[in-house]
Amino acid sequence: MVIIDPMHNLFLGTAKHFLILLKSRGVLSTENLEKINRQMTRIKQHCPEDVGRIPLEFKINDHENLEGLTADQMKNWVICFSIPSLKDKVPGKVFDCWKKFVMACIHLCNRVVTTHDVQRAHDLLVDFCSDVELLFGKDSITPNMHLHGHLLECILDFGPIYSFWLFSFERYNGILGDFQTSNRNIGIEIMRKFTIQSSSFSFFSDLDEGQLKLIDHLRERDSVGSNQIQNSVTIDVYEMYGRSFSPEDPAIGFEGYGTPLLPFKVQTLPFEVFQSLQLYLKRSFGITPENENSFIISNTLAHIFQRYAVGAEIFTSCLYSPKSSNVLTSWQVTNSRGETETDLFPGQILFFFQHKMGISIGSNKKTTINNTFAYIRFYKRVPQGYRHCSWPFDPEIFERKYYLDKFDVDSEDSIVPVQRLICRFVPGVDLLTFVTCPIPRKMIF
């Protein structure tokens, strides 16, 4: 069996073909295409650099080709931005059809996938292709759409698509193409440069951090987007990430997870923050008047820091980098029927801090616990009807609008253990409001 490359099959193939199909059939007007371009320009201002490149202009030429977009740009647009971009710009049935393709790509484009994820993606792709045929006719079906039906076999045989798609191959072609040659003995000249570059890796590895800073301009820039080098995490960290979706079994703050990044600053917590922290600790540790003597939570000092790393992903405060400070967290809420459900809330990290508390064990023994928190202010939701959702890529998440410059009042819910940060998001800005565009986590173990 021939291996299908998901990069060309999904993003340079079907994703581009679908947009061209919408334009050629008059489903997506030129005016709405321009609106998408303006919206992507606004989104770019809020997008973290490690997401990679995003398309700023969709331009379909007279030959019905989508010009100048790379596979990485198409992947980012499809997964993160296409649903809010196309909402209210195409008919409902077409929009629902496209959402199936997006959901399939989201299930597939993870560093870690389960057989359930792959089967779900397969079913969604089959439904998507069937809907395209019903909406636009048999002539709209392409060989790439047929090959979608065989991606399941490829993934079951060879693992997640990150292990065999051609992003890294194309990246290296670009590196080789950037080498300056005399256009005579191209192969020999490229190999000479390649040998010199390869030997420089061992040279860099022998230098300490101070020496590396002196020659930092000589080193190749780290890859971002689909080619970003991933730092693996332990299975315990990955399981802790899974618990962030379950407020019924929440992390408290002391569990092993990521790494705070320097510098630290020891200072007294503001009074309002300390009050919220005490309320949070009493609720989380079950502290009551009967057992409060066993807990020491009166420490007002904390280590304040601005960055927190989990594997290759870095969360930041809004003071350090506003673009990486927007996060989604999950909480239990009560619906209109009085039932408890899980819902997602977007917020902005103001700062991180580590706080020490004491717990008495027996009559004479005490132990110290280090809790790590993010202090978050939550965006104010635009009044509208909505249903609750617990998965950040649920299509419902793109239906909710929030004010870009208005926040809820701080409370004990502003104290969030770093273990409960589900993912970062990019605000899909539309003037004064936005929808959340979640960024997939970069987890691998």
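The values are calculated or read from the model by the stated rules, or taken from the named source; none is laboratory data. Quick caveat: nothing in here was measured; it's all calculated off a predicted structure. Backbone-built Cβ (ideal geometry, glycine too); neighbour counts: all protein chains shown.
Looking at (1) surrounded by 15 or more Cβ atoms within 10 Å (Cβ to Cβ); (2) under 22 Å from the mean Cα position of the chain (by Cα), which one does Leu22 not meet, given that it meets all the others?
All conditions pass for Leu22, except number (2).
Can you pull out the residues in segment 26-51 that are farther than 12 Å from Cys437 by Cβ and surrounded by 20 or more Cβ atoms within 10 Å (Cβ to Cβ)?
Hits for segment 26-51 are Leu28, Ile36.
Tally up the residues in segment 218-265 that are modelled with pLDDT of 90 or more and polar (S, T, N, Q), please.
Number of matching residues: 1.
Only one of Glu248, Glu272 is exposed (fewer than 15 other Cβ atoms within 10 Å of the Cβ) and in a helix (DSSP H, G or I). Can you tell me which?
Result: Glu272 is the single residue among Glu248, Glu272 that is exposed (fewer than 15 other Cβ atoms within 10 Å of the Cβ) and in a helix (DSSP H, G or I).
Looking for something in the same structural domain as Leu261 (by TED's automatic domain parsing) and in contact with a Leu (Cβ under 9 Å, 6 or more places away or on another chain) - is there at least one such residue anywhere in segment 358-369?
The answer is no, given that none of the residues of segment 358-369 is in the same structural domain as Leu261 (by TED's automatic domain parsing) and in contact with a Leu (Cβ under 9 Å, 6 or more places away or on another chain).
Can you name the residue in segment 275-306 that is closer than 12 Å to Asn371 by Cα and of a type in the set (Gly, Ala, Ser) and, of all such residues, is surrounded by the most Cβ atoms within 10 Å (Cβ to Cβ)?
Once the filter is applied, the top-ranked residue is Ala302.
When you look at Asn110, is it in a loop (DSSP other than H, G, I, E, B), out of contact with any Lys or Arg (no Cβ under 7 Å at 6 or more places or on another chain) and among the polar types (S, T, N, Q), yes or no?
Criteria met by Asn110.
When only residues in segment 326-352 that are of a type in the set (Ser, Thr, Tyr) and in contact with a Leu (Cβ under 9 Å, 6 or more places away or on another chain) count, which is modelled with the highest pLDDT?
Thr329
Among the residues of segment 417-436, write down those that are surrounded by fewer than 22 Cβ atoms within 10 Å (Cβ to Cβ) and not in a strand (DSSP E or B).
Residues satisfying the conditions are Leu431, Leu432.
As an exercise: evaluate Glu189 against (1) closer than 23 Å to Thr14 by Cβ; (2) surrounded by 15 or more Cβ atoms within 10 Å (Cβ to Cβ) and give the number of the one condition it does not meet.
(1)
Based on what the data block shows, is Val382 modelled with pLDDT under 95, assigned by TED's automatic domain parsing to the domain that holds Tyr241 and either over 28 Å from Gln275 (Cβ atoms) or within 26 Å of the chain's Cα centre (by Cα) (or both)?
When the stated conditions are applied, Val382 passes them.
If the Cβ limit is 8 Å and pairs must be 6+ apart or interchain, which residue in segment 396-409 that is over 26 Å from Val102 (Cα atoms) pairs with which residue that is outside any strand (DSSP E or B)?
Asp405/Leu432
I need the full set of residues from segment 297-317 which are part of a loop (DSSP other than H, G, I, E, B) and not polar (S, T, N, Q), in order please.
Ile297, Gly311, Ala312
Would you mind stating whether Lys265 is touching a helix residue (DSSP H, G or I) at 6+ places or on another chain (Cβ under 8 Å) and more than 22 Å from Gln419 (Cβ to Cβ)?
So Lys265 does not fit the description; no.
Only one residue in Tyr320, Tyr241 is in a helix (DSSP H, G or I) and crowded, with 16+ Cβ neighbours inside 10 Å, so which one is that?
Tyr241
Taking only segment 75-93 into account, find how many residues are among the aliphatic types (A, V, I, L, M) and farther than 15 Å from Leu33 by Cβ.
3
Quick one: Asp405 ticks every box in (1) over 15 Å from Tyr308 (Cβ atoms); (2) surrounded by 16 or more Cβ atoms within 10 Å (Cβ to Cβ) except a single one, so which number is it?
Single failed check for Asp405: (2).
Which residue out of Cys80, Cys97, Cys47 is assigned by TED's automatic domain parsing to the domain that holds Lys23, in a helix (DSSP H, G or I), at pLDDT 90 or above and out of contact with any Asp or Glu (no Cβ under 9 Å at 6 or more places or on another chain)?
Only one candidate passes the filter, namely Cys80.
Select from segment 380-409 the residues that are in a strand (DSSP E or B) and more than 30 Å from Arg120 (Cβ to Cβ) and list them in ascending order.
Residues satisfying the conditions are Lys380, Tyr403, Leu404, Asp405, Lys406, Phe407.
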